[in-house]
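Reviewing the structure listed below.
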Amino acid sequence: MSNYQRNTSMVVCIFAVLIIGAISVGLISFYGTNTWNWNNNQPTTDFSFEADVGTINETVTLDIDITTGGVAITFVDNESLLYKIDVEVLNTTLETEGNPTVTFTSNTIGLAYPTAGVNITLGSGVNYTLDVDVTTGAIAVVLGLGAHVGDVSLDTTTGAISLIMTDDVVLLGNATFNLVTTTGAIDILVDYPTGIGGSIECSVVTGSVDITAIGWTEITANHYETSDYDTASQTLTIIGQTTTGGIDAIVT
């Protein structure tokens, strides 16, 4: 194994730990609020929703809207699975809002609920775009083996966002990943598949940006591109924005 491979593996492991830590902080802040305080051992109810791909052969959009909570998304190498969504809800919320429901209409998986913790597993049988909005809380997305994705939009008003992507991902066309939070932290670790041109640009009004992009071209202090970004047949553009907070990114 080359020194580069060893160093990259070490960076991946270290940064994964940092991301888990950042998300843990975000979730602890969320669970410590008056809305959902685990310290008071408030009773909750779990719901599980699952569907198979069946005859679906078009791109599917995952559309999640949570007012207060946490959303975690992962992929598995399972061609028959369309989605498995586990939702944990406070019983007090159930009394006022009723049971959460997951819909599938016009190739869109939809879940909208005021307060919940949501774990989502997607399969490898169809292509997905992701649109996740959490007003207060955290979003964690891991794109690994089995993931076939196009555009990704992750948005929080107050909270943390983490995105991890390995080079096992199958990207659709010229994809754009938009990660936006008004107040909070964004952590990005992306290993580009071979042949994909890359661009990452981050902005912070109050806070700091730290981008590690070894071998990439520095356009500005917060904007890097691969040398083939303008000529590659396929590209992935990553945009990270926070008004108050910090952005840490590693792209390879």
- prompt: So Thr136 clears everything in (1) open to solvent by 40 Å² or more (accessible area, probe 1.4 Å); (2) in a loop (DSSP other than H, G, I, E, B) except one condition, right? Which one?
  reply: (2)
- request: From the list Val209, Val205, pick out the single residue that is open to solvent by 60 Å² or more (accessible area, probe 1.4 Å), more than 20 Å from Leu143 (Cα to Cα) and either assigned to a strand (DSSP E or B) or aliphatic (A, V, I, L, M) (or both).
  value: Val205
query: From the set of residues in the range 59-71 that are of a type outside the set (S, T, N, Q) and under 15 Å from Leu122 (Cα atoms), which is most open to solvent (accessible area, probe 1.4 Å)?
result: Asp63
message: Going residue by residue through the range 179-197, is there one that turns out to be part of a strand (DSSP E or B), surrounded by 15 or more Cβ atoms within 10 Å (Cβ to Cβ), touching a strand residue (DSSP E or B) at 6+ places or on another chain (Cβ under 7 Å) and free of Cβ contacts under 8 Å to residues at least 40 places away in the same chain?
response: yes
query: If you go through the range 110-127, how many residues are small (Gly, Ala, Ser), surrounded by 21 or more Cβ atoms within 10 Å (Cβ to Cβ) and not in a loop (DSSP other than H, G, I, E, B)?
result: 2
field: Residues located in the range 72-109, provided they are of a type outside the set (S, T, N, Q) and open to solvent by 70 Å² or more (accessible area, probe 1.4 Å)
entry: Asp77, Glu79, Glu95, Glu97, Phe104
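The values are calculated or read from the model by the stated rules, or taken from the named source; none is laboratory data. Given the structure is predicted, the values throughout are model-derived calculations rather than measurements. Glycine gets a Cβ as well: all are built from the backbone with ideal geometry, and neighbour counts include every protein chain shown. Note: accessible area is taken over every heavy atom of the protein model, side chains too, but ligands, DNA and RNA are not part of it. Shrake-Rupley method; radii C 1.70, N 1.55, O 1.52, S 1.80 Å.
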